[in-house]
């Protein structure tokens, strides 16, 4: 099976597995315990925090370990729901991951405002600038890169605009981390990430908060993580996460992601040639090197998925967190795609270990499935 669903989760890479095994053997203690074994665990935790802070360009004390980005993102909304006045709004982009979208609506109801995006899937900076000139929300949240389309968002520009109006800025960097260089992400006031999108283990992520700031705990019961999150830290998977991120950052320093972007572009050209009528979602926008969201020329998603699965290719329709829902993607709806079109979109997301030959094989398989679908309708 050739795996093209890395945006949902990526296989654990060798460096991460080895780091986990070593940490499990040598750091079995609780990082809060006063004895030597606990001290070793605490030291390993401190080193991991310092490494992540170095990659992000922030202070180690700014980082809180979580069970993943879903928890981190809910933590942000929970914090602002508890600290903002009863009339304050939060603005998040209309294409955020469901864990941001839904938590914003849960905590703020009608006070959650959604920043529009263009048909190409990029947030409307002109709208943001104009609205901020009249109104000051309590928080603006814009993801770094979209999980369904791969479209890279102008988070740096949005951050600068928010700084101008002294509005806190939050970015979900889950799809960015481990695929694009992380330097500078720490400038965001609030930032979330998760290990399993780039080859680290599942069940670990982080929330970066403003320097020397507190955040209202979502999970209570202990004083771990500077009182921001209760619960014994899972040192081995945190160490494993940083081993994976360190390996990915080295690959990007060698510009290996640039070549993989060329492979993705070549695949898109093949797809458009072999399947006339296909539309690449967000084609006119900068996108992650690993992601292709394609509006297929005919047929429904389930038929494509079933036939591709039988052919040995694992692909998806979009966010794994929305699987099973009948309504079309809120991301595609925000981009003004019609419901009938949204139901024909497939997502192909590669990983660092995906080869150029894998992309070519996928293009050939799609052409074969298309011929079968077309023949069945004739």
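The values are calculated or read from the model by the stated rules, or taken from the named source; none is laboratory data. Here the structure is a predicted model, which is why all the values come from computation and not from measurement. Heads up, the Cβs are rebuilt from the backbone with ideal geometry, glycines too, and the neighbour counts pull from every protein chain shown.
Only one of the numbered conditions (1) buried (at least 18 other Cβ atoms within 10 Å of the Cβ); (2) within 23 Å of the chain's Cα centre (by Cα) is violated by residue 224, and that is (2). Report yes if some residue within segment 235-244 is part of a helix (DSSP H, G or I), under 21 Å from residue 47 (Cβ atoms), without any contact (Cβ under 8 Å) to a residue 12 or more places away in the chain and under 23 Å from the mean Cα position of the chain (by Cα); otherwise report no. Within segment 235-244, not a single residue is part of a helix (DSSP H, G or I), under 21 Å from residue 47 (Cβ atoms), without any contact (Cβ under 8 Å) to a residue 12 or more places away in the chain and under 23 Å from the mean Cα position of the chain (by Cα). Restricting attention to segment 275-284, the residues that are part of a loop (DSSP other than H, G, I, E, B) and surrounded by fewer than 19 Cβ atoms within 10 Å (Cβ to Cβ) total 4.
With respect to residue 178, determine if the residue is on the phi > 0 side of the Ramachandran plot and under 14 Å from the mean Cα position of the chain (by Cα). When the stated conditions are applied, residue 178 passes them.
If you go through segment 219-234 and keep only what is in a helix (DSSP H, G or I) and farther than 19 Å from residue 208 by Cβ, you end up with nothing. Only helices (runs of 4 or more DSSP H) whose full extent lies in segment 1-117 are considered here, and the ones with at least 3 residues that are over 30 Å from residue 134 (Cβ atoms) and without any contact (Cβ under 8 Å) to a residue 60 or more places away in the chain are 14-26, 36-56.
Yes/no matrix, rows are residues, columns are (1) surrounded by fewer than 22 Cβ atoms within 10 Å (Cβ to Cβ); (2) part of a loop (DSSP other than H, G, I, E, B); (3) in contact with a helix residue (DSSP H, G or I) (Cβ under 8 Å, 6 or more places away or on another chain); (4) free of Cβ contacts under 8 Å to residues at least 24 places away in the same chain:
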site: 129; (1), (2), (3), (4): yes, no, yes, no
site: 143; (1), (2), (3), (4): no, yes, yes, no
site: 149; (1), (2), (3), (4): no, yes, yes, no
site: 158; (1), (2), (3), (4): no, no, yes, no
site: 162; (1), (2), (3), (4): no, no, yes, no
site: 175; (1), (2), (3), (4): no, yes, yes, no
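Among the residues examined, residue 318 qualifies as crowded, with 21+ Cβ neighbours inside 10 Å, in a loop (DSSP other than H, G, I, E, B) and modelled with pLDDT under 95.
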